[in-house]
1. Please list, ordered by first then second residue, the pairs with beta carbon atoms under 6 Å, 6 or more apart or interchain, first in region 1-24 and within 11 Å of GLY60 (Cβ to Cβ), second small (Gly, Ala, Ser) and surrounded by 10 or more Cβ atoms within 10 Å (Cβ to Cβ).
2. Check off (1) in a helix (DSSP H, G or I); (2) at pLDDT 95 or above; (3) surrounded by 16 or more Cβ atoms within 10 Å (Cβ to Cβ) for LYS52 and give me the number that stays unchecked.
3. Working only within region 61-106, note down all residues that are of a type in the set (S, T, N, Q), at pLDDT 95 or above, part of a helix (DSSP H, G or I) and surrounded by fewer than 14 Cβ atoms within 10 Å (Cβ to Cβ).
Amino acid sequence: MATIIEGKVLAKKIRKELKIECEELKKQGIKPRLAVIMVGNNPASKVYVKSKSKACNEIGIEYEEHLLDETISQQELNDLIKKLNQTKEVNGILLQSPLPEHLDINQAFKAISYRKDVDGFTPSSVGKLVMGGDTFISCTPYRCYENV
């Protein structure tokens, strides 16, 4: 039998819980910060990135956007990712897809530290997931898994 998930109701509940968790982290001196990288001007990506910004603001996560020109080179993208990996204040990195055709998304995901991989797409995260290891599971598969 199928389970109908009320997305908006569930999202509101999760955001409320996350806001409490963020407040607790801040009491411990930890300021959650998400860095989002978007390359180009894909309209759907713009909407998605805007919704992430709104959600972060709502629950108390600091948010920084890196809006990159679609002509950026693979090396420049990888260099930005490596810089964000090394930035202590950044706790998570989200690489918005799709990327322009001249960029290799797999190479970009490989550059993201598994410790900051909020999508669960790095090779390390995917491998741990497949092997049943302790790892971050991206939101859509996690929600499906949770409802099984």
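The values are calculated or read from the model by the stated rules, or taken from the named source; none is laboratory data. All values reported here derive from a predicted model rather than from experimental measurement. FYI the Cβ positions are ideal-geometry reconstructions off the backbone, even for glycines, and counts take in every protein chain you see.
1. LYS19/GLY60; CYS22/GLY60
2. Status for LYS52: all satisfied but (2).
3. GLN75, GLN86 - these are the residues of region 61-106 that are of a type in the set (S, T, N, Q), at pLDDT 95 or above, part of a helix (DSSP H, G or I) and surrounded by fewer than 14 Cβ atoms within 10 Å (Cβ to Cβ).
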